[in-house]
Protein chains: 2
Amino acid sequence: MAAQRADARQNYARILAVAEDEVAAHGAGASLEQIARTAGVGSATVRRHFPGRRAMLEAVFANRIEALCERGRELAGAADPRAAFLEWLGALTAYAASARGFATVLAQEDVDYAEHAKACSVKLSDSGEPLLRRAARAGAVTPGVTVADLVTLVAGIVLATEGHADPVAEADRLLRLVVAGISP
Amino acid sequence: MAAQRADARQNYARILAVAEDEVAAHGAGASLEQIARTAGVGSATVRRHFPGRRAMLEAVFANRIEALCERGRELAGAADPRAAFLEWLGALTAYAASARGFATVLAQEDVDYAEHAKACSVKLSDSGEPLLRRAARAGAVTPGVTVADLVTLVAGIVLATEGHADPVAEADRLLRLVVAGISP
DNA sequence: TACTATATGGAGGGCCCCGCCACTTAGCAA
DNA sequence: TTGCTAAGTGGCGGGGCCCTCCATATAGTA
């Protein structure tokens, strides 16, 4: 892994850059062949660097995931546990709704795959866990809620609003609804 | 439309039956060509009866939609508005979670398409509307909630749980969470 | 400067969706 | 009953995508 040829690394970077554009333009279903074409490499090379669409998507969103985790760490020490928790949830939703294809990755919880602890949803869960725990201890969340539940819910909201006129606004609206409850 | 040849009607029925099996087995992504092959007709014939996967899926779920609407009508006169409303919501979720591909149809709210008032989500909305209204008048739901919100939420929950170990149970769990609220 | 593991890309197979068009046949009318 | 006609059908070809295999090119090293 560490011993990777320089040209390979360059190609990887170029392909990743193209992939970002392509996913932004066409969502999770972006064509791998199209990415190869635009990047000026053979389709086999793309497949070598990203075995399967899933891997490509994860790579595309990796830094954003990292940013969200960082945000989670920042909020861990905030004064108001509930506000911090909700802000994290809001940030997650906002990004997922604005980045096409992101929710698709979040939604998939393939068992055999999730064992690869690098799965992005796992990272996110680790990031939100302390926030949820603090908020729960303060009595600010319904008992029994797990971070996985939240990630799944957010993914669902975003997936379902993806085709709407204003996905970001709609997702935000629904998140608020879910936080408050439909019929408490 | 009314003047349809007998053989065409027979073919339609056969194709629809096969399509139901195929969707049940492979979800919303079932191959139209595979359906044609199994039904023993040319792929063009399938395309003629169902122009686009969307149309096929709607036809497959049409009677179930109708059943759900009927359930909605029954519940309209129930004693407890809140219980009736929640039961309808639960029934919708349960069916969507158990019928592969259904949520996909529900999630799509294509604007130009929705104008075709026959869209199944529209039918469902019409069915749930009175229930929601009654429950709202009884003060049992958060103000501002629309039926469209609910359908979207349910679709999202089901979509996001589709890949989980026990989708039906998971969807039910999340629905409960959403009804109660995460942090009321 | 040679050598070798690493990296590449093109070809080919399989599957799918789609549109076109010549052929068949149901249903009506004489 | 027998034609006739339009509705209905299916096969074919084009285009796209995903995936695998393998002969070739080259970065990095001895």
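Remarks
- Candidate set from the stretch A:166-184 (those that are facing chain B (nearest Cβ under 7 Å) and touching a helix residue (DSSP H, G or I) at 6+ places or on another chain (Cβ under 8 Å)); member that is modelled with the lowest pLDDT: A:184
- Across the stretch A:43-50, a minimum of one residue is classified as within 18 Å of residue A:120 (Cα to Cα) and near DNA strand D (Cβ under 10 Å from one of its atoms).
- Conditions (1) touching a Lys or Arg at 6+ places or on another chain (Cβ under 9 Å); (2) within 16 Å of DNA strand C (Cβ to nearest atom); (3) away from chain B (no Cβ under 14 Å); (4) of a type outside the set (S, T, N, Q): number failed by residue A:68: (2)
- Criterion: more than 14 Å from chain A (Cβ to nearest Cβ), over 14 Å from residue B:132 (Cα atoms) and within 16 Å of DNA strand D (Cβ to nearest atom) - qualifying residue of B:91, B:39: B:39
- Total residues in the stretch A:69-82, condition buried (at least 20 other Cβ atoms within 10 Å of the Cβ) and hydrophobic (A, V, I, L, M, F, W, C): 1
- Screening the stretch B:145-165 for residues that are at the interface with chain A (Cβ under 8 Å from one of its Cβ atoms) and not in a helix (DSSP H, G or I) and picking the one that is nearest to the chain's Cα centre (by Cα) gives B:162.
- Residue list for the stretch B:1-26, restricted to those being within 12 Å of DNA strand C (Cβ to nearest atom) and either under 16 Å from residue B:105 (Cα atoms) or touching a Gly at 6+ places or on another chain (Cβ under 9 Å) (or both): B:19, B:22, B:23, B:26
- Residue satisfying condition, being among the aromatic types (Phe, Trp, Tyr), crowded, with 19+ Cβ neighbours inside 10 Å and within 14 Å of DNA strand C (Cβ to nearest atom), within set B:85, B:50, B:61: B:50
The values are calculated or read from the model by the stated rules, or taken from the named source; none is laboratory data. Bear in mind that the values here come from a model prediction, so they are computed numbers and not experimental data. Using ideal geometry, Cβ is built from the backbone for each residue, glycine included, and neighbour counts are taken over all protein chains shown.
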